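Below is one structure, written out as structure tokens; comments come after it.
The values are calculated or read from the model by the stated rules, or taken from the named source; none is laboratory data. Remember, it's a predicted structure, so these values are computed and weren't measured experimentally. Cβ atoms come from the backbone with ideal geometry, glycine included; neighbour counts cover every protein chain shown. Quick note on the areas: whole protein, heavy atoms, side chains included, nothing else; ligands and nucleic acids left out. Shrake-Rupley method; radii C 1.70, N 1.55, O 1.52, S 1.80 Å.
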Amino acid sequence: MRSAFARSIIALALLAAASVATAAEYATIRGGTFTSVLPADGKAADTRVAPFRLRVVPVTNGEFLTFAETHPEWRRDRVARIFAEPRYLESWAAPDALGDAVLPQQPVTNVSWFAAEAFCESEGARLPTWYEWELAAAADATRLDARSDPAWRERILAWYARPSNEPLAPVGGEPNVYGVRDLHGLVWEWVDDFNALLVSADNREQGDPDLLRFCGAGAATLQQRENYAVLMRIAMLSSLQARDTTANLGFRCAKPLERGIER
Amino acid sequence: MKRLMLVCVTAAALAAVAGCGPRSAGVDAALAAAAAGTGGSAKGDFGPPQGEPIHAVLTSPPMVPPPTNRHQPAKVIVELTVVEKEMPISEGVTYTFWTFGGTVPGSFIRVRQGDTVEFHLRNDPSSKMPHNIDLHGVTGPGGGAASSFTAPGHESQFTFKALNQGIYVYHCATAPVGMHVGNGMYGLILVEPPEGLPKVDHEYYVMQGDFYTVGKYREKGLQPFDMEKAIDEKPTYVLFNGAEGSLTGDKALAAKTGETVRLFVGNGGPNLVSSFHVIGEIFDRVQQEGGTHPQENVQTTLIPAGGAAIVEFHTEVPGSYVLVDHSIFRAFNKGALAILKVDGPEDKAIYSGKEVDAVYLGDRAEPNLKPVTTATRAAASGALTIEDQVEAGKVLFTGTCSVCHQANGQGLPGVFPPLARSDFIAADPKRTIGILLHGLSGKVTVNGKEYDSVMPPMTQLNDDEIANILTFVLNSWGNPGGRITTEDVAKARAEPAPAPAPAH
């Protein structure tokens, strides 16, 4: 398996040269006070994100194949249907083989939230929360929060505008200021609290909890209206059930800081 | 017997007399409704669905499904799939459209008032985005949107009763709504009145929309959506049926003289209101905004964004009739132009027959722009020949230049200088590039005659198009030949514009 893996890497050398992250590299995200597009109180409150570590690249097909070998209950032919819909891992040639059309260095997609959570547990991690993901993704190559720069938004929108009939690129895009790659422009990513994003904790504050699902209502509570590019990710995540999978949806994991390296 | 039937038909038509044999509840309701207005949704429930469920026939634009021809309410199953796909928006220009049913506008849905519609919205597994649908023909919060929010590779189902008759827009209402609509996510649903619509010879489906691309009008390649332009309401394209040329040339709508044509005209927006007009026709009957009190003898009818109208007219004289948004720069500079071709014998008593098509049609009057496509491809592969350029230039010349300089290059004496056998061109062929880029005003002498008028800069033309037009001109009508390349034009464009001619 290793040598086949290596051959593929060589074939992809140009594309993937900078991207090999087989030992699940994690980068430290400093955290801090942060203005989310979804304020915690439904109005304007800043969000406090504790320092944490985030996987540098999304989980790949190669990594998930290894996981399915060591955790056969997550093979697509053995998984419990309540944990993964029938489309789970459907792009793979077989339950235990990727086949020629699926590359080990591509991000794994067609995975359910349950499967993603199980994978992260297997490497001593968990899925990031939305606020953690959003904080890390607000950065660009030089700034911790680049969201006010139209160029940051344009990059996201350019990905939305690309049709998704092409094979996914291998992981390993340009790193942001934390050293994290591919947060934008490759796949959607599961977050731990994906199904809690559009529902207010307090109905009296927000009125009808279904409001955000209606035409135009997204603008009603969205803090910064120009952040619709981020809202589209929230809309995508909110449309899902935990057993659902889609061809553009992958994940990465998060961990607490290791003791002693807190900044 | 014959006489009795006639009376019965007349009675039904006048909606005045009841009791002509067995009739359905629907016809009763229709007769009552016609006597006292339709009564709206309060009078739109004709009871539970009758008979087996029916699968709705969906059609791609410009076609319209056949009449339901039903007299009882039925359960109608509609299955609509959202597909995100790259399609041409203009010649050599593509766009990633988000569609209902694979087309822009989306599939046409036709039901009857009182029908119970079981709606299945599917989102193709290849989609990136979640989508939903808000049908303006639905009575209920969100018009179905809240019940139909659907992730890629999934399906939602909801059911509604079509209580109001009329022609209604449907659209995606997932945030940001404007972007989903701006990418082509709209279509029409017709809720027939219980008695159906009067029979006509042709029914067509036309829907306007405005599009916002990062590149300028006709800039080649895959063009991404531009949110800033959308917010500023400054579209790059204003189009009928989602692409420039979708209803012209080989794809023009067709009818014969002496026929009645019914157009279901919608406007998806997202921003602009349409001043819908057919050049050379008068609408005999318009159901403005789809309402039930028709207006007659209408020249131009307003179609709001998120609204629709039913327009009908009778054809008398053959020719090409041009559908436009009469906010007219949209028609000639942004693409809002379609053609209805009417065949049949001339009727000189009604119209003398001197056609003015050339002025109105623009380049889209050509059977097709195939030579332009060929030249674009050849240029991309580095195999562009002079012949390719001349062929492409000829088509483009017809659309852009022939209105003034005439199809034979002779110009109009005293107004528009000739291009044929022109000593002005022969003296310096390359200066023609600057004229197209920057326009030309003031006195020039061509073939011994002085001209003093204004030609505007042709800013809508890209470098390829200018090179092809000029190469065509240089190789036509006794001009000296030669070639202008895209690089020549690009170079000239990079240079500063010449100082304007002095006032005289």
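Among the residues of region A:132-174, the ones that are away from chain B (no Cβ under 14 Å) and among the β-branched types (Val, Ile, Thr) come to 2 in all.
Residue by residue, here is whether (1) touching a residue at least 40 places away in the same chain (Cβ under 8 Å); (2) surrounded by 18 or more Cβ atoms within 10 Å (Cβ to Cβ); (3) among the charged types (D, E, K, R) holds:
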position: B:227; (1), (2), (3): yes, yes, no
position: B:233; (1), (2), (3): no, no, yes
position: B:236; (1), (2), (3): yes, yes, no
position: B:242; (1), (2), (3): yes, yes, no
position: B:250; (1), (2), (3): yes, no, yes
position: B:254; (1), (2), (3): yes, no, no
position: B:260; (1), (2), (3): yes, no, no
position: B:263; (1), (2), (3): yes, yes, no
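Does residue B:237 meet the test of being away from chain A (no Cβ under 14 Å), at pLDDT below 95 and closer than 22 Å to residue B:326 by Cα?
no
Being surrounded by 15 or more Cβ atoms within 10 Å (Cβ to Cβ) and either of a type in the set (S, T, N, Q) or touching a Lys or Arg at 6+ places or on another chain (Cβ under 8 Å) (or both) is a property that does not hold for residue B:478.
Residues of region B:127-172 that are of a type in the set (S, T, N, Q), under 22 Å from residue B:85 (Cα atoms) and over 27 Å from the mean Cα position of the chain (by Cα): B:148, B:150, B:156. Screening residue B:128 on (1) assigned to a loop (DSSP other than H, G, I, E, B); (2) charged (D, E, K, R); (3) more than 30 Å from residue B:198 (Cβ to Cβ); (4) more than 10 Å from chain A (Cβ to nearest Cβ) shows it passes everything except condition (4).
The number of residues in region B:144-186 being within 9 Å of chain A (Cβ to nearest Cβ), in contact (Cβ under 8 Å) with a residue 24 or more places away in the chain and either among the acidic types (Asp, Glu) or over 20 Å from residue B:104 (Cβ atoms) (or both) comes to 4.
Pick from B:267, B:271: which is modelled with pLDDT of 95 or more and not in a loop (DSSP other than H, G, I, E, B)?
The unique qualifying residue is B:267.
Of a type outside the set (Gly, Ala, Ser), in contact with a helix residue (DSSP H, G or I) (Cβ under 7 Å, 6 or more places away or on another chain) and part of a loop (DSSP other than H, G, I, E, B), is that true of residue B:219? No, not satisfied. Screening residue B:428 on (1) acidic (Asp, Glu); (2) surrounded by fewer than 19 Cβ atoms within 10 Å (Cβ to Cβ); (3) in contact (Cβ under 8 Å) with a residue 12 or more places away in the chain shows it passes everything except condition (3). Among the conditions (1) outside any helix (DSSP H, G or I); (2) modelled with pLDDT of 95 or more, the only one that residue A:65 does not satisfy is (1). Kindly check whether there is at least one residue in region B:151-170 that is in a helix (DSSP H, G or I), open to solvent by 20 Å² or more (accessible area, probe 1.4 Å) and within 30 Å of residue A:243 (Cα to Cα). No: zero hits.
Would you mind finding the one in A:58, A:95, A:104, A:72 that is surrounded by 14 or more Cβ atoms within 10 Å (Cβ to Cβ) and more than 20 Å from the chain's Cα centre (by Cα)? Before you say what the answer is, go through the steps one by one.
Details: A:58 fails: more than 20 Å from the chain's Cα centre (by Cα); A:104 fails: more than 20 Å from the chain's Cα centre (by Cα); A:72 fails: surrounded by 14 or more Cβ atoms within 10 Å (Cβ to Cβ).
Only one candidate passes the filter, namely A:95.
When the criteria are applied in full, residue A:118 fails the requirement of being without any contact (Cβ under 8 Å) to a residue 12 or more places away in the chain and either surrounded by 15 or more Cβ atoms within 10 Å (Cβ to Cβ) or acidic (Asp, Glu) (or both). Contact map, region B:131-142: first residue within 11 Å of chain A (Cβ to nearest Cβ), second residue part of a loop (DSSP other than H, G, I, E, B) and modelled with pLDDT of 90 or more, Cβ cut-off under 6 Å, separation 6 or more or different chains; pairs are B:131/B:172.
Considering every residue within region A:93-114, establish whether at least one is at pLDDT 95 or above and part of a helix (DSSP H, G or I). Checked region A:93-114: at least one residue is at pLDDT 95 or above and part of a helix (DSSP H, G or I). Just to verify a result, which residue in region B:447-475, among those that are over 23 Å from residue B:390 (Cα atoms) and in contact with a Ser or Thr (Cβ under 8 Å, 6 or more places away or on another chain), is most open to solvent (accessible area, probe 1.4 Å)? My answer is B:454. So is residue B:335 of a type outside the set (A, V, I, L, M, F, W, C), modelled with pLDDT of 90 or more and on the phi > 0 side of the Ramachandran plot or not? Yes, satisfied. Within region B:408-415, identify whether any single residue is surrounded by 18 or more Cβ atoms within 10 Å (Cβ to Cβ) and modelled with pLDDT of 90 or more, and answer yes or no. Among the residues of region B:408-415, at least one is surrounded by 18 or more Cβ atoms within 10 Å (Cβ to Cβ) and modelled with pLDDT of 90 or more, which makes the answer yes.
Taking residue A:181 as the residue in question, decide whether it is more than 12 Å from chain B (Cβ to nearest Cβ), at pLDDT 70 or above and open to solvent by 40 Å² or more (accessible area, probe 1.4 Å). Talk me through it step by step, then tell me what you get.
Numbers: more than 12 Å from chain B (Cβ to nearest Cβ): yes; at pLDDT 70 or above: yes; open to solvent by 40 Å² or more (accessible area, probe 1.4 Å): yes.
Yes, satisfied.
When only residues in region B:68-84 that are outside any strand (DSSP E or B) and open to solvent by 50 Å² or more (accessible area, probe 1.4 Å) count, which is farthest from residue B:197 (Cα to Cα)? Only one residue tops the list, namely B:72.
Among the candidates B:307, B:258, B:280, which residue alone is out of contact with any Ser or Thr (no Cβ under 6 Å at 6 or more places or on another chain) and under 23 Å from residue B:101 (Cβ atoms)? Working first, answer last.
Values: B:258 fails: under 23 Å from residue B:101 (Cβ atoms); B:280 fails: under 23 Å from residue B:101 (Cβ atoms).
Answer to the check: B:307.
Residues are listed down the side, and each one gets a yes or a no for (1) touching a residue at least 60 places away in the same chain (Cβ under 8 Å); (2) within 20 Å of residue B:197 (Cα to Cα):
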position: B:66; (1), (2): no, yes
position: B:98; (1), (2): yes, no
position: B:103; (1), (2): yes, no
position: B:116; (1), (2): yes, yes
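What is the number of the single condition among (1) surrounded by fewer than 21 Cβ atoms within 10 Å (Cβ to Cβ); (2) assigned to a strand (DSSP E or B) that residue B:289 does not meet? With respect to (1) surrounded by fewer than 21 Cβ atoms within 10 Å (Cβ to Cβ); (2) assigned to a strand (DSSP E or B), residue B:289 is out only on (2).
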